[in-house]
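Right, one structure below, let's go through it.
The values are calculated or read from the model by the stated rules, or taken from the named source; none is laboratory data. Because the structure is a prediction, the values reported are computed rather than measured. Cβ sites come from the backbone with ideal geometry, for glycine too, and all protein chains shown count toward neighbours.
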Amino acid sequence: MGTTIDIDHRTLTRLADEQAMQDTRVIGQVGGWLIEVDLNGTRGRLVSKRGVPRLFGRFETLASYLKRVGIERFSVDAEHYEPTPTRKRPDAATRLIKTHEAAEHDAWFRGQVEEALAEANHPDAQWTDNAEAFQHVRQRIREKHAR
């Protein structure tokens, strides 16, 4: 085949609907599978929205995708296929722990606010004037410095 052009999902779907392809090939790469179609001597390669070749990490995902698009028959070239180790997200556990800690802190904080509001709304609550409170704080600071 001669020229290779990039095609997106919408174009691949339209070509499948119009049955405009001679052949569909799934080509193994390091880390996954890509799709090429034969358009009367021109190769069309499926690309992502960013314009890079769309690589499917799992063959099952690729087969399901092609079936949804309307392509039920395709050939497979696995000569250069090499699986990559399963992708892990090491930060997921840390993120989950932080989420739980944040939820615990939020529950504790809300409890403290409820307790303070209940105390403030109690009929026996004693209120201190702002000036008096600052005077008390200044007095305690002076006492600390004097020691």
What's the number of the only condition in (1) assigned to a helix (DSSP H, G or I); (2) surrounded by fewer than 10 Cβ atoms within 10 Å (Cβ to Cβ) that Ala63 fails to meet? (2)
For the range 28-58, name all the residues that are touching a strand residue (DSSP E or B) at 6+ places or on another chain (Cβ under 8 Å) and either hydroxyl-bearing (Ser, Thr, Tyr) or within 14 Å of Arg73 (Cα to Cα) (or both). Ile35, Glu36, Val37, Asp38, Thr42
Could we say that Thr128 is polar (S, T, N, Q), free of Cβ contacts under 8 Å to residues at least 60 places away in the same chain and outside the structural domain of Asp17 (by TED's automatic domain parsing) here? yes
Quickly run through the range 1-38 and pick out the residues that are of a type in the set (Ser, Thr, Tyr) and exposed (fewer than 13 other Cβ atoms within 10 Å of the Cβ). Thr3, Thr4
Residues located in the range 39-57, provided they are over 23 Å from the mean Cα position of the chain (by Cα) and surrounded by 15 or more Cβ atoms within 10 Å (Cβ to Cβ): Leu39, Arg43, Gly44, Arg45
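The rows are residues; the columns are (1) modelled with pLDDT of 90 or more; (2) not hydroxyl-bearing (Ser, Thr, Tyr).
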| site | (1), (2) |
| --- | --- |
| Met21 | no, yes |
| Gly31 | no, yes |
| Leu34 | yes, yes |
| Arg43 | yes, yes |
| Pro53 | yes, yes |
| Glu60 | yes, yes |
| Ser64 | yes, no |
| Ser75 | yes, no |
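Determine which member of the set Thr94, Thr128, Thr84 is assigned to a helix (DSSP H, G or I) and either more than 24 Å from the chain's Cα centre (by Cα) or of a type outside the set (D, E, K, R) (or both).
Values: Thr128 fails: assigned to a helix (DSSP H, G or I); Thr84 fails: assigned to a helix (DSSP H, G or I).
Residue meeting the stated conditions: Thr94.
Given the criterion farther than 30 Å from Glu36 by Cβ, surrounded by 10 or more Cβ atoms within 10 Å (Cβ to Cβ) and not acidic (Asp, Glu), identify the matching residue among Ala125, Ala92, Ala131, Ala118. Steps first, answer last, please.
Details: Ala125 fails: surrounded by 10 or more Cβ atoms within 10 Å (Cβ to Cβ); Ala92 fails: surrounded by 10 or more Cβ atoms within 10 Å (Cβ to Cβ); Ala131 fails: surrounded by 10 or more Cβ atoms within 10 Å (Cβ to Cβ).
That would be Ala118, the only listed residue that is farther than 30 Å from Glu36 by Cβ, surrounded by 10 or more Cβ atoms within 10 Å (Cβ to Cβ) and not acidic (Asp, Glu).
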